[in-house]
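Colleague: Provided herewith is a single structure, encoded as structure tokens, for subsequent inquiry.
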Amino acid sequence: MTSFPTLQHALAARREAANGVHYIVSETRERRVGYAELHSRALGVLRHFQASGARAGAEMVLLIDGLEPFVDAFWACIMGRIVAVPLASGNTDEHKRKFFRVLAALAQPHVATERKTFERLAAFARENGHEAALERLAGHCVFVDEISDLGTPGDAQPAGPDDVAFVQFSSGSTSAPKGVVLTHRNLLTNIDAILAGIGGAAAEDTSLSWMPLTHDMGLIGFHLTPLVAGASHWLMSTALFVRRPALWMMKASEHRVTVTCSPNFGYKHYLKSFDADKRVGLDLSRIRVIFNGAEPIAADLCREFMAVLGPAGLAQDVMFPVYGLAEASLAVTFPPRRRPLATVALARGTIGPGDVAHHAASDAADAVVFVRVGMPVRGCSMKIAGADGTTQPDGRVGRILIRGDNVSSGYYRDPALTASTRSADGWLDTGDLGVIIDGELTVTGRSKDILFVAGQNHYPHDIEEVLARHAGIELGRAAAAGVRAAEAATDDVIVFVLQKGGGTLADFASVARSVRRVVNERMGLTVVAVVPLRQLPKTTSGKVQRYALAQDYERGAYAGVLAELAALDAAQAAAPIVASEVERELLDICQHLMPDKVLKLDDNLFELGTSSLTLAQIYERVEATYPGRLEVTDFFDYPTVRTMAGYLGEKLTAEA
């Protein structure tokens, strides 16, 4: 039995609570919306949704950048029994392509978005043959930034526990979108389990998150869960966190936050810009839980984060490593509360499917250190299974299977995929590998070749398709793989490319620069290395053996040729001749933030493999020097120091 039959009941019950949701706009600006006001705003937005033709059972794609309008729109869907479909709004072609693929998977799609976002999609549709999809949306779009009247409520449609609340399209699923169906029962079963798992007086907790609301940790873990508990919570946009990572802990201190979260990416980003002088005045003693999930957990990074903030009162037993996935609504396993980070070291050669995991000394050459992620949460069952589905004994690595009222019944409008991932007796294959040691789950790896980068899943075939479309590298002539360096917090993206017969290494250096630029521009990913090959290893059925390529890279098989390529790139670098003060200023900013590169005025930042975090830091420095003159998206139009300086110089001249 759950605390509420549906999310509708939960919001209605919380209208009497004194708490609410707080939106962090900047360091000095916040907006509070009480739960009674949220209920009223949701009904006001619902009227506009219904005016666009959205009836109970129709789907509403939420493609909304702003936190407050997203939350209003989400609850409007809940109150109207409209199926919400949250999607990330991004500027890359892959984000846009994913939108149209998701649209094609829906039966009665409507869209709630901002006018500027829709115009970008419309332009992309005209250039890429998606006009029919736009025509399908005619009259079914609601521009949330143009809604001014919320005073007249829409017609609420009562929902039942087994009605679909929303569909979570898994991150990274761009080529074949996979929509996880989540009912009210699924969500509330898991939310109640989360609250029980972290203990304490839930209504008295205060939480803070910068995770995107299109991600299950952000939406379910740090908006729906505190609302169901009747607790106050603070939401910060991911973009604000990327620009100002120090705000995360500043706001946690200011609002005496007790529960927060981050994957590896967030700890690394915070520490990268950490200023010890600004730690003075922080009081983090109220924090009792920091959820750590969404990607494999790096133990050393966790310990560094806690050690750095220990002098600010952060307890050393608050890191809460968890395992979960969208198909489970969110949470599968939790560790015991207030336990110092627990790890297990296993021999590298004993962590594959079917292996009996062997312990190793943590400093042994073949040791792989994993973080223990605890036991199943209330209402969720889990087992480790072999390839044939039989339960494996403790200590043997196998596939992680789950079932329970929190587990999704299937994938949206895709019975074949649903059937292929579920057994006759209801067990869902998560696609992950793990082992039970001392009664706790340790996740050892992935059964597929998914890359984990900055908290997101990326599929190799997506990268290869982008290269085929935009770099002229035919499908089958390139393979992408993820390699995780020792103690690293994220995967390195490596691309292997067949070198044309007779081509020189100098010719390939140009191909490598094109690969880095295209993947960075189109997908926001940094390619760490581009490796020339004479042939790609394949299975007898013709599938590329990415795992074998990654293993060869890890053992240094390509070190020599990569050193030669690096020498060719270095030989091209020369001291730049700077023509203007603006060029000098921009070059100094970029060079300071990219110390491992020797920059020239005409170097394409994307071709050099500039990460999205570095790009955000460059923009922040430029914004501080030339406030209000540029937008982050200008870097796509002016990707070199010379062209950006020219564009900026024209704006400065026009203002003079």
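Colleague: Give the residue that is modelled with the lowest pLDDT, with candidates limited to residues of segment 394-435 that are small (Gly, Ala, Ser) and in a strand (DSSP E or B).
Modeller: Step one: list which residues in segment 394-435 are small (Gly, Ala, Ser), which gives 395, 398, 404, 408-410, 416, 419-420, 423-424, 426, 431, 434.
Checking which are in a strand (DSSP E or B) leaves us with 398, 404, 431, 434.
Details: 398: 93, 404: 97, 431: 87, 434: 92.
The qualifying residue modelled with the lowest pLDDT is 431.
Colleague: Of the residues that make up segment 38-59, is at least one closer than 30 Å to residue 241 by Cα and modelled with pLDDT under 95?
Modeller: No, segment 38-59 contains no residue that is closer than 30 Å to residue 241 by Cα and modelled with pLDDT under 95.
Colleague: A follow-up question, please. Conditions: (1) touching a residue at least 24 places away in the same chain (Cβ under 8 Å); (2) surrounded by fewer than 19 Cβ atoms within 10 Å (Cβ to Cβ); (3) among the polar types (S, T, N, Q). Residue 6 meets all but one. Number of the miss?
Modeller: The failed condition is (2).
Colleague: Sort out which residues of segment 617-629 are among the hydrophobic types (A, V, I, L, M, F, W, C) and surrounded by fewer than 18 Cβ atoms within 10 Å (Cβ to Cβ), and write them in order of number. Let's see the steps before the verdict.
Modeller: Let us first name the residues in segment 617-629 that are among the hydrophobic types (A, V, I, L, M, F, W, C), namely 618, 622, 624.
If the condition is that a residue be among the hydrophobic types (A, V, I, L, M, F, W, C) and surrounded by fewer than 18 Cβ atoms within 10 Å (Cβ to Cβ), then 624 is the only one that fits.
Colleague: Within segment 490-535, which residues are touching a strand residue (DSSP E or B) at 6+ places or on another chain (Cβ under 8 Å) and polar (S, T, N, Q)? Talk me through it step by step, then tell me what you get.
Modeller: Residues of segment 490-535 that are touching a strand residue (DSSP E or B) at 6+ places or on another chain (Cβ under 8 Å), as a first pass: 490-499, 505, 508, 511-512, 515-516, 519-520, 523, 525-535.
Within segment 490-535, 490, 499, 520, 526, 535 qualify.
Colleague: Out of 494, 463, 473, which single residue is modelled with pLDDT of 80 or more and assigned to a strand (DSSP E or B)?
Modeller: On the way: 463 fails: assigned to a strand (DSSP E or B); 473 fails: assigned to a strand (DSSP E or B).
Going through 494, 463, 473 in turn, the sole match is 494.
Colleague: Using the structure shown, decide if residue 63 is surrounded by 19 or more Cβ atoms within 10 Å (Cβ to Cβ), on the phi < 0 side of the Ramachandran plot, touching a Phe, Trp or Tyr at 6+ places or on another chain (Cβ under 9 Å) and not aromatic (Phe, Trp, Tyr).
Modeller: Values: surrounded by 19 or more Cβ atoms within 10 Å (Cβ to Cβ): yes; on the phi < 0 side of the Ramachandran plot: yes; touching a Phe, Trp or Tyr at 6+ places or on another chain (Cβ under 9 Å): yes; not aromatic (Phe, Trp, Tyr): yes.
Considered against the rule, which asks whether it is surrounded by 19 or more Cβ atoms within 10 Å (Cβ to Cβ), on the phi < 0 side of the Ramachandran plot, touching a Phe, Trp or Tyr at 6+ places or on another chain (Cβ under 9 Å) and not aromatic (Phe, Trp, Tyr), residue 63 comes out as yes.
Colleague: Can I ask one more? Is it the case, given these coordinates, that residue 332 is in contact with a strand residue (DSSP E or B) (Cβ under 7 Å, 6 or more places away or on another chain), assigned to a loop (DSSP other than H, G, I, E, B), crowded, with 20+ Cβ neighbours inside 10 Å and of a type outside the set (Phe, Trp, Tyr)?
Modeller: Numbers: in contact with a strand residue (DSSP E or B) (Cβ under 7 Å, 6 or more places away or on another chain): yes; assigned to a loop (DSSP other than H, G, I, E, B): no; crowded, with 20+ Cβ neighbours inside 10 Å: yes; of a type outside the set (Phe, Trp, Tyr): yes.
Spelling it out, it is not the case that residue 332 is in contact with a strand residue (DSSP E or B) (Cβ under 7 Å, 6 or more places away or on another chain), assigned to a loop (DSSP other than H, G, I, E, B), crowded, with 20+ Cβ neighbours inside 10 Å and of a type outside the set (Phe, Trp, Tyr).
Colleague: Shifting gears a bit: If you go through segment 465-497, how many residues are surrounded by fewer than 18 Cβ atoms within 10 Å (Cβ to Cβ) and more than 25 Å from the chain's Cα centre (by Cα)?
Modeller: Total meeting the criteria: 5.
Colleague: I've got another one for you. Take segment 346-403 and flag every residue that is more than 28 Å from residue 418 (Cα to Cα), touching a residue at least 60 places away in the same chain (Cβ under 8 Å) and of a type in the set (Lys, Arg).
Modeller: 372
Colleague: Within segment 20-33, how many residues turn out to be in contact (Cβ under 8 Å) with a residue 12 or more places away in the chain and either surrounded by 18 or more Cβ atoms within 10 Å (Cβ to Cβ) or among the polar types (S, T, N, Q) (or both)?
Modeller: 5
Colleague: When you check residue 20 against the structure, is it in the same structural domain as residue 143 (by TED's automatic domain parsing) and either more than 20 Å from residue 203 (Cα to Cα) or of a type in the set (A, V, I, L, M) (or both), yes or no?
Modeller: Working: in the same structural domain as residue 143 (by TED's automatic domain parsing): yes; either more than 20 Å from residue 203 (Cα to Cα) or of a type in the set (A, V, I, L, M) (or both): no.
No.
Colleague: Residues of segment 275-304 being over 11 Å from residue 248 (Cβ atoms), within 22 Å of the chain's Cα centre (by Cα) and among the hydrophobic types (A, V, I, L, M, F, W, C), which ones?
Modeller: Of everything in segment 275-304, those that are over 11 Å from residue 248 (Cβ atoms), within 22 Å of the chain's Cα centre (by Cα) and among the hydrophobic types (A, V, I, L, M, F, W, C) turn out to be 289, 291, 294, 297, 298, 299, 301, 302.
Colleague: Shifting gears a bit: Look through segment 134-191, keep the residues that are part of a loop (DSSP other than H, G, I, E, B), without any contact (Cβ under 8 Å) to a residue 60 or more places away in the chain and of a type outside the set (A, V, I, L, M), and return whichever of them is nearest to residue 224 (Cα to Cα).
Modeller: Pass one, segment 134-191, residues part of a loop (DSSP other than H, G, I, E, B): 137-140, 147-163, 170-178.
Adding the requirement that they be without any contact (Cβ under 8 Å) to a residue 60 or more places away in the chain leaves 137-138, 148, 162.
This time we only want the ones that are of a type outside the set (A, V, I, L, M), so: 148, 162.
Values: 148: 26, 162: 17 Å.
So, considering only residues that are part of a loop (DSSP other than H, G, I, E, B), without any contact (Cβ under 8 Å) to a residue 60 or more places away in the chain and of a type outside the set (A, V, I, L, M), the one nearest to residue 224 (Cα to Cα) is 162.
Colleague: Got a sec? Which of 219, 247, 213 is touching a residue at least 24 places away in the same chain (Cβ under 8 Å), aliphatic (A, V, I, L, M) and surrounded by fewer than 21 Cβ atoms within 10 Å (Cβ to Cβ)?
Modeller: Details: 219 fails: surrounded by fewer than 21 Cβ atoms within 10 Å (Cβ to Cβ); 213 fails: surrounded by fewer than 21 Cβ atoms within 10 Å (Cβ to Cβ).
On inspection, the qualifying residue turns out to be 247.
Colleague: For segment 293-306, indicate whether the set of residues that are touching a His at 6+ places or on another chain (Cβ under 8 Å), in a loop (DSSP other than H, G, I, E, B) and crowded, with 20+ Cβ neighbours inside 10 Å is non-empty. Working first, answer last.
Modeller: Pass one, segment 293-306, residues touching a His at 6+ places or on another chain (Cβ under 8 Å): 294.
Subsequent filtering for residues that are in a loop (DSSP other than H, G, I, E, B) retains 294.
Of the ones still in play, those that are also crowded, with 20+ Cβ neighbours inside 10 Å are 294.
Yes, segment 293-306 contains at least one residue that is touching a His at 6+ places or on another chain (Cβ under 8 Å), in a loop (DSSP other than H, G, I, E, B) and crowded, with 20+ Cβ neighbours inside 10 Å.
Colleague: Pull up segment 247-275, narrow it to residues that are small (Gly, Ala, Ser) and modelled with pLDDT under 95, then point me to the one that is nearest to residue 32 (Cα to Cα). Please lay out each step first, then the result.
Modeller: Keep residues of segment 247-275 that are small (Gly, Ala, Ser), which gives 252-253, 262, 266, 273.
From the residues that got through so far, the ones that are modelled with pLDDT under 95 too are 262, 266, 273.
Details: 262: 23, 266: 25, 273: 29 Å.
The selected residue is 262.
Colleague: Confirm whether residue 43 is assigned to a helix (DSSP H, G or I) and either out of contact with any strand residue (DSSP E or B) (no Cβ under 7 Å at 6 or more places or on another chain) or in the same structural domain as residue 192 (by TED's automatic domain parsing) (or both).
Modeller: Numbers: assigned to a helix (DSSP H, G or I): yes; either out of contact with any strand residue (DSSP E or B) (no Cβ under 7 Å at 6 or more places or on another chain) or in the same structural domain as residue 192 (by TED's automatic domain parsing) (or both): yes.
Against the criterion (assigned to a helix (DSSP H, G or I) and either out of contact with any strand residue (DSSP E or B) (no Cβ under 7 Å at 6 or more places or on another chain) or in the same structural domain as residue 192 (by TED's automatic domain parsing) (or both)), residue 43 qualifies.
The values are calculated or read from the model by the stated rules, or taken from the named source; none is laboratory data. Here the structure is a predicted model, which is why all the values come from computation and not from measurement. So basically every Cβ, Gly included, is an ideal-geometry build from the backbone, and we count neighbours across all protein chains shown.
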